[in-house]
């Protein structure tokens, strides 16, 4: 059975293919020759994930899933949240985003935060949502060179190193995206 993951990211796509094989053939947007931008203009992670999955369903008539992720910082009232990728501006610079977060937390004692991923699955015309959360703290500075986005400043609960200092296997074993993906996979395997 074919299933579309609404992404152009080859790393994400390969990971999902390995997990869902052989029951599902997972296609990315590039496999469908779909390079048209999907406008994510909702004000929630759930909304953006649904927009992507429903857009692919409308364009291609295929079961599809998508994700949206945000970093939610308590002392910043949940910001950057749904605006995480473009927090410091439309250039979507991870360095600029981390600089802005670190600057805004300069005088704050509470550095608690969480990464939250919402996956939307468009399945036979119905939408299913799956959420994954990992709690932690924002470090006082960057450390590590692995991962992407805010990984160098996020220290998950129970650890004293950032996501960017962890190998991929350790990070994926506890990550927000991994936790949401586990729920989605359980749903899919129950359908097969």
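Since every read-out is calculated from the coordinates, none of them should be taken as a lab result. Values in this document were obtained by computation on a predicted structure and should not be read as measured data. Every residue, glycine as well, gets a Cβ built from its backbone with ideal geometry; the counts of neighbours run over all protein chains shown.
Observations, loosely collected:
- Extending 7 Å from Cα along the Cβ direction at residue 146 and again at residue 41 yields two label points whose distance is 4.0 nm.
- Each Cα pair under 8 Å and six or more residues apart adds its sequence gap; the mean of these over the residue count of region 63-128 is a relative contact order of 45 percent.
- Overall Cα dimensions of region 2-191 - principal axes, largest extent first, Å: 50, 31, 24
- Normalised contact order of region 2-191, rounded percent, pairs of Cα under 8 Å and 6 or more residues apart: 16 percent
- Across region 34-97, C-alpha contacts under 8 Å between residues 6 or more apart give a mean separation that, scaled by the residue count, equals a relative contact order of 21 percent.
- Least to most buried among 161, 155, 138 (fewest other Cβ within 10 Å first): 161, 155, 138
- The calculated 222 nm mean residue ellipticity attributable to helices in the chain amounts to -10000 deg cm²/dmol, summing -39500 (n - 2.57) over DSSP H runs of n ≥ 4 and dividing by all residues.
- Residue exposure sequence - 103, 176 - by fewest surrounding Cβ within 10 Å: 103, 176
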